[in-house]
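The values are calculated or read from the model by the stated rules, or taken from the named source; none is laboratory data. Everything numeric in this text was worked out from a predicted model, so none of it was measured. Note that each Cβ is placed from the backbone with ideal geometry, even for glycine, and that neighbours are counted across all protein chains shown.
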Amino acid sequence: MRRVALVTLVVHDYDEAVRFYTEALGFRLVEDAPRPDGSRWVVVEPGGDGPGLVLARAKSDEQRARVGDQTGGRVGFFLHTDDFARDHTRMTAAGVTFLEEPRHEPYGTVAVFQDLYGNRWDLLQPAGH
């Protein structure tokens, strides 16, 4: 079996990113270990069998320029849920910025939101769930 296990997300600060992903989005902190070069290996995951995120602090001007725009302004991340209303309500109360009202599409209920840096995500409850 093969699957995507981790995806790197370049961030400005480890602690603020961990706080956002665990508190606002409800992810679980899986690992936070110091590395010899002064960086940290930080992994968060939403649960389930999808890939986790490696939160990697930007180290160069080029990397800092990519924070918040890693996909050129497109939705680059898709957070599936089995209860859209529950998660939308909780995330809104936690200060997550939704860029649109929830909408019903043939593939499910969806709304685009931004993470703390401006990366665009879909909160999506697939049809039939």
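Tell me the residue from 14, 107 that is hydroxyl-bearing (Ser, Thr, Tyr) and within 30 Å of residue 129 (Cα to Cα), please.
Of the residues listed, the single one that is hydroxyl-bearing (Ser, Thr, Tyr) and within 30 Å of residue 129 (Cα to Cα) is 107.
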Unmet requirement for residue 43, which otherwise passes all of (1) over 14 Å from residue 13 (Cβ atoms); (2) in contact with a Phe, Trp or Tyr (Cβ under 6 Å, 6 or more places away or on another chain): (2)
For residue 79: the one exception among (1) crowded, with 16+ Cβ neighbours inside 10 Å; (2) under 11 Å from the mean Cα position of the chain (by Cα); (3) part of a helix (DSSP H, G or I): (3)
Within the stretch 18-36, considering residues that are within 14 Å of residue 96 (Cβ to Cβ) and touching a residue at least 12 places away in the same chain (Cβ under 8 Å), the one surrounded by the most Cβ atoms within 10 Å (Cβ to Cβ): 21
Options 115, 122; residue that is surrounded by 15 or more Cβ atoms within 10 Å (Cβ to Cβ), in contact with a Phe, Trp or Tyr (Cβ under 7 Å, 6 or more places away or on another chain), acidic (Asp, Glu) and more than 18 Å from residue 19 (Cα to Cα): 122
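Take residue 20 and tell me if it is modelled with pLDDT of 95 or more, over 22 Å from residue 128 (Cβ atoms), among the aromatic types (Phe, Trp, Tyr) and touching a Pro at 6+ places or on another chain (Cβ under 8 Å). Steps first, please.
Details: modelled with pLDDT of 95 or more: yes; over 22 Å from residue 128 (Cβ atoms): yes; among the aromatic types (Phe, Trp, Tyr): yes; touching a Pro at 6+ places or on another chain (Cβ under 8 Å): no.
Judged against the criteria, residue 20 is not a match.
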Filter result for residue 118 (modelled with pLDDT under 95 and small (Gly, Ala, Ser)): no
Tally of residues being touching a Lys or Arg at 6+ places or on another chain (Cβ under 9 Å), surrounded by fewer than 17 Cβ atoms within 10 Å (Cβ to Cβ) and not in a loop (DSSP other than H, G, I, E, B) across the stretch 41-75: 3
